[in-house]
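Presented below is the structure to which this report refers.
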Amino acid sequence: MTGPSVVVARTALRQTYRRVRESRRMTAFFLLIPGFFALQVSGAVGPGAHDVGRRFAAGEVAPVVAEIRGVVLSGVVLLALMGVLGAAGGNSEFKDRYVAFLTATSTRAVAVGSVARQTAVWTALFWPVALAGAVAFALGAGEPVAAVSLVAGSLWLFVVAGVATAPVGFGARWLLDGYGLSKNARFGLGVGMLGLFYLVLFTRRTVGAALDATPLSWAGDLLLLTVPGAGASTLRAAGFLLASVGVVLASLVASVRLAEALWYDDRALADDGAESDDAPVTATPVRDVLASVVPRPTAALVETTWRRTKRTPKTLWYVYPAIFVGLVMGEQLVYSGPFSAAMYAPIVAFTGALAAGSGFTLNPLGTEGDALPGLLTAGVSGETFVRAKAYAVVLPAMPLLVGASLGTAIGAGVGSPLVVAAVGVFAVTLAVLAPLLSLALGVHYPPGDEGLLGEDVQIPNKSASAAYTLGMVAVGAPGFGALGAYALSGAVDPATVVVGVGATVVLAALVAWRSYRHAVAKVDAYSVE
């Protein structure tokens with residue numbers, strides 16, 4: 001096939017493949033993410049599709065079929081949300097590669113090719129999870145033929161979701177450009193979409209039940225078509241297939257029209273750099289308040305860090321993996337696991353602190369390009385720099401983490417004052433440790449040349465990220481385990497709680513002090529030469 005759209009898609013996919021292959025971080029992402037979830041979904045680690053298949057073989061046909069239909073319905077909604085996120089933040093932008101394509105072929109070919117590229121990328125990233133689940137179910141049920149419709153149907157759902165959400169992404173980008181929203185507003189909309197995604201993820205049973213009476217439920221018939229005894233309707237499966245083909249064709253037409261409006265509108269060619277940075281100021285209310293608590297040079301650096309983060313909110317993007325870990329922990333340990341709701345509090349404290357230290361302190365010298373020359377010529381000591389970066393995290397993160405942790409503990413019905421107090425101490429300890437540990441590792445392992453979010457945001461060094469995560473886990477483990485013991489049994493053992501949280505406090509104090517001294521020494525060791 002050598003049509004223009006095919007050439008565009010193939011060329012864009014080759015470019016993507018080269019970028020992934022040249023970046024060990026992105027290679028690991030494309031391999032580890034589907035691998036991790038495939039192990040979870042298939043049942044290789046914990047309960048999964050293989051166990052559901054064994055239940056089906058044991059005669060639990062009706063409940064298993066109902067469960068699969070619910071998973072399919074909630075999966076369709078999740079795929080739609082993921083597609084909107086990917087389309088709005090990816091192919092719908094006026095990127096250089098599309099400018100090059102547009103000079104060589106038609107807008108229709110470029111739009112269709114870009115949709116095909118995005119659909120192929122995210123299908124390759126996430127569909128292996130569905131593939132593993134389908135094969136595991138067929139093996140557990142002892143019916144290899146069951147994998148045929150499950151595999152083919154799930155692949156088709158990914159294709160439909162990717163294509164159907166593409167015009168939504170183009171339209172969203174056109175509206176965002178039309179209203180001239182700031183980077184902060186766009187970032188906030190993205191966070192809101194991610195929140196909606198996880199809301200659906202955690203309420204998937206309710207979502208599935210609500211959509212069961214709609215034509216979307218026919219997707220379940222398509223996936224169960226070759227599962228013996230599942231009672232799938234061939235007519236409904238065919239109806240869903242035909243309707244989805246129509247949706248794909250209509251979405252491609254809409255994508256072409258919206259791409260023309262987005263790419264050729266006058267706003268598309270506007271200079272994004274027209275906005276000038278705020279004029280430097282020597283005194284502000286924020287700086288004056290901070291200066292009443294800390295020395296003025298430190299206060300100035302704290303305010304500068306916040307101002308740069310406000311101007312480039314993408315610098316906080318790397319807190320997302322830690323938040324994702326917290327959501328997975330909550331789902332696995334509490335929502336689908338053996339722990340009571342009391343476990344949510346230490347999860348919030350630990351993953352919140354992990355996220356707080358994963359922002360600009362894990363990459364203190366590269367959050368806006370190369371900040372090292374500015375540091376060396378600013379005339380501040382390494383101690384002032386390290387303290388300012390730590391304050392920039394602790395001041396907003398401490399009240400948020402402690403408040404969220406205590407509020408979660410009280411809201412979850414934790415009745416023991418000792419446990420509530422222990423949760424607060426645990427949160428405070430990790431909130432102080434996180435920025436200092438990440439600072440020490442961030443200056444010890446400066447970022448390399450690879451970038452994922454553009455020239456204004458560099459990726460923290462993978463060694464720093466790994467060491468930081470392992471360090472937080474090691475220090476937080478005693479307290480987390482002690483609070484987990486209460487959440488599992490519901491009985492308060494004062495000695496366990498005090499010793500566990502106390503061990504975390506002692507370890508955190510030692511690691512934080514050593515990290516602080518190392519970070520200061522490392523920054524002072526830098527020179528203009």
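Structural remarks
- Test result for V497, assigned by TED's automatic domain parsing to the domain that holds V432, closer than 14 Å to F426 by Cα and surrounded by 15 or more Cβ atoms within 10 Å (Cβ to Cβ): yes
Rundown of residues vs (1) assigned to a helix (DSSP H, G or I); (2) touching a helix residue (DSSP H, G or I) at 6+ places or on another chain (Cβ under 8 Å); (3) at pLDDT below 85, yes/no style:
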| residue | (1), (2), (3) |
| --- | --- |
| R14 | yes, no, no |
| A38 | yes, yes, no |
| R54 | yes, yes, no |
| A62 | yes, no, no |
| A88 | yes, yes, yes |
| N91 | no, yes, yes |
| F101 | yes, yes, yes |
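- Hits in the stretch 332-351 - residues which are in contact with a Ser or Thr (Cβ under 7 Å, 6 or more places away or on another chain) and small (G, A, S): A345, A349
- Of all residues in the stretch 448-463, none are of a type in the set (G, A, S) and modelled with pLDDT of 85 or more.
- Lone unmet requirement of (1) under 30 Å from S381 (Cβ atoms); (2) free of Cβ contacts under 8 Å to residues at least 40 places away in the same chain; (3) of a type in the set (A, V, I, L, M, F, W, C) for V520: (2)
- Near pairs, Cβ below 7 angstrom, 6+ apart or cross-chain, from the stretch 415-444 (free of Cβ contacts under 8 Å to residues at least 24 places away in the same chain) to any residue that is of a type in the set (A, V, I, L, M): V420/L406; V420/A409; V420/I410; V420/V414; G424/V402; G424/L406
- Helices (runs of 4 or more DSSP H) within the stretch 280-330 that include 2 or more residues modelled with pLDDT of 75 or more: 296-311, 320-330
The rows are residues; the columns are (1) touching a residue at least 12 places away in the same chain (Cβ under 8 Å); (2) of a type in the set (G, A, S); (3) farther than 22 Å from A243 by Cβ; (4) in a helix (DSSP H, G or I).
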residue	(1), (2), (3), (4)
A104	no, yes, yes, no
S114	yes, yes, yes, yes
L125	yes, no, yes, yes
G140	yes, yes, yes, yes
A147	yes, yes, yes, yes
A152	no, yes, no, yes
A161	yes, yes, no, yes
G171	yes, yes, no, yes
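- T469 being among the polar types (S, T, N, Q), touching a Gly at 6+ places or on another chain (Cβ under 9 Å) and in a helix (DSSP H, G or I): no
- Qualifying residue in the stretch 469-492 (condition: at pLDDT below 95, of a type in the set (S, T, N, Q), in the same structural domain as Y445 (by TED's automatic domain parsing) and in contact with a helix residue (DSSP H, G or I) (Cβ under 9 Å, 6 or more places away or on another chain)): yes
- Test: residue in the stretch 249-267 that is in a loop (DSSP other than H, G, I, E, B), at pLDDT 70 or above and polar (S, T, N, Q): no
- Any chance V20 is in contact (Cβ under 8 Å) with a residue 12 or more places away in the chain and assigned to a helix (DSSP H, G or I): no
- So V84, is it surrounded by 14 or more Cβ atoms within 10 Å (Cβ to Cβ) and touching a Ser or Thr at 6+ places or on another chain (Cβ under 9 Å): yes
- Count of the stretch 198-253 residues which are under 31 Å from the mean Cα position of the chain (by Cα) and among the acidic types (D, E): 1
- Residue within the stretch 361-381 that is modelled with pLDDT of 80 or more, in a helix (DSSP H, G or I) and in the same structural domain as L488 (by TED's automatic domain parsing) present: no
- From the options F29, F56, residue that is under 23 Å from the mean Cα position of the chain (by Cα), in the same structural domain as L131 (by TED's automatic domain parsing) and surrounded by 13 or more Cβ atoms within 10 Å (Cβ to Cβ): F29
- The criterion of at least 3 residues that are modelled with pLDDT under 80 is met by the following helices (runs of 4 or more DSSP H) wholly inside the stretch 179-244: 183-202, 204-211.
The values are calculated or read from the model by the stated rules, or taken from the named source; none is laboratory data. All of these numbers come straight from a predicted model, not from anything done at the bench. Glycine also receives a Cβ, built like all others from the backbone with ideal geometry; neighbour counts cover every protein chain displayed.
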